[in-house]
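Reviewing the structure listed below.
The values are calculated or read from the model by the stated rules, or taken from the named source; none is laboratory data. Note that this is a predicted model, so its numbers are computed, not measured. In this analysis, Cβ positions are derived from the backbone assuming ideal geometry, glycine residues included, and neighbour counts consider all displayed protein chains.
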Amino acid sequence: MPPALSVVVPARNEAARIGATVRSIGAWMRSSGLDGEVIVVDDGSTDPTGSLAREAGALVLVHDQNRGKGAAVRTGMGVATAPLRLFCDADLSTPLEEFGRLRAAIEAGADVAIGSRVGEGAAILRPRRQRRVLLSRTFNALTRALLPGIGDTQCGFKLFTEAAVARILPRARLDRYAFDVELLVIARAQGLRVAEVPVRWAEADASSLRLGPDGARMLADLARVVRLRAGGGYR
């Protein structure tokens with residue numbers, strides 16, 4: 001029998017915490033009575049991320065070179081076997097206990113349930129760096145035209161049904177900055193129901209975001225999503 005839940009963790013150079021992350025996910029599954037699998041996608045790490053994740057009990061898939069978080073999520077989701085498939089960040093910025101809120105949304109009829117840092121019930125557990133706040137606000141303002149009604153596309157805590165994954169993944173193209181947006185645009189183009197669920201969230205201690213270069217790449221990704229949608233690439 002397949003597991004009840006697959007948890008996909010995209011990771012690059014996460015040797016300092018990936019072992020603890022995998023063990024935490026396993027312990028949470030056991031305490032929650034969930035029969036699950038943990039899949040770590042080592043996205044071109046230059047440190048022992050993959051071997052440490054494997055030692056901690058995860059199924060590890062390896063990209064020989066860095067391809068981007070979106071590519072890593074697709075790789076992990078593509079081999080997952082459970083009817084419910086969650087992807088989360090290696091730093092566990094959103095506590096695993098918030099999974100219950102997303103699962104409730106799926107049980108209520110959603111095909112995709114996304115964690116959100118806005119709305120009633122959301123909580124920021126650790127203050128965000130100002131540059132991330134500025135970049136996030138600008139990015140979210142632009143995505144509202146693509147995804148009306150969704151306030152936060154970038155929280156790294158998203159739950160999909162197996163059927164939704166089968167509809168979305170073959171149409172996804174983006175590997176990096178706006179891959180979350182693309183997944184949701186595809187979901188809506190496919191007539192799938194997306195539920196935004198307020199969650200608790202804490203920014204990780206480290207961030208590699210660069211306001212100028214990364215902001216420009218995000219804009220380029222969004223422009224590509226617009227072109228693909230207009231050209232019927234998501235139908």
Residue check, ASP214 surrounded by 15 or more Cβ atoms within 10 Å (Cβ to Cβ) and modelled with pLDDT of 90 or more: no
Total residues in region 26-48, condition assigned to a helix (DSSP H, G or I) and under 26 Å from VAL181 (Cβ atoms): 0
Some residue of region 89-104 being within 17 Å of the chain's Cα centre (by Cα), within 23 Å of ASN13 (Cβ to Cβ) and assigned to a strand (DSSP E or B): no
Residue within region 43-60 that is closer than 24 Å to LEU174 by Cβ, surrounded by 19 or more Cβ atoms within 10 Å (Cβ to Cβ) and of a type in the set (A, V, I, L, M, F, W, C) present: yes
Test: residue in region 26-41 that is among the charged types (D, E, K, R) and closer than 26 Å to GLU203 by Cβ: no
Residue tally, condition of a type outside the set (D, E, K, R), surrounded by fewer than 18 Cβ atoms within 10 Å (Cβ to Cβ) and at pLDDT 95 or above, over region 172-211: 3
The listed residue being over 16 Å from the mean Cα position of the chain (by Cα), closer than 21 Å to ALA166 by Cα and either assigned to a helix (DSSP H, G or I) or modelled with pLDDT of 95 or more (or both), out of LEU86, LEU61: LEU61
Test: ILE150 is closer than 23 Å to GLU107 by Cα and either at pLDDT below 90 or assigned to a helix (DSSP H, G or I) (or both): no
Residue match in region 109-119 (condition: modelled with pLDDT under 95, surrounded by fewer than 20 Cβ atoms within 10 Å (Cβ to Cβ) and either part of a loop (DSSP other than H, G, I, E, B) or aliphatic (A, V, I, L, M) (or both)): yes
Among residues of region 153-175, those that are assigned to a loop (DSSP other than H, G, I, E, B) and closer than 15 Å to CYS88 by Cα, counted: 4
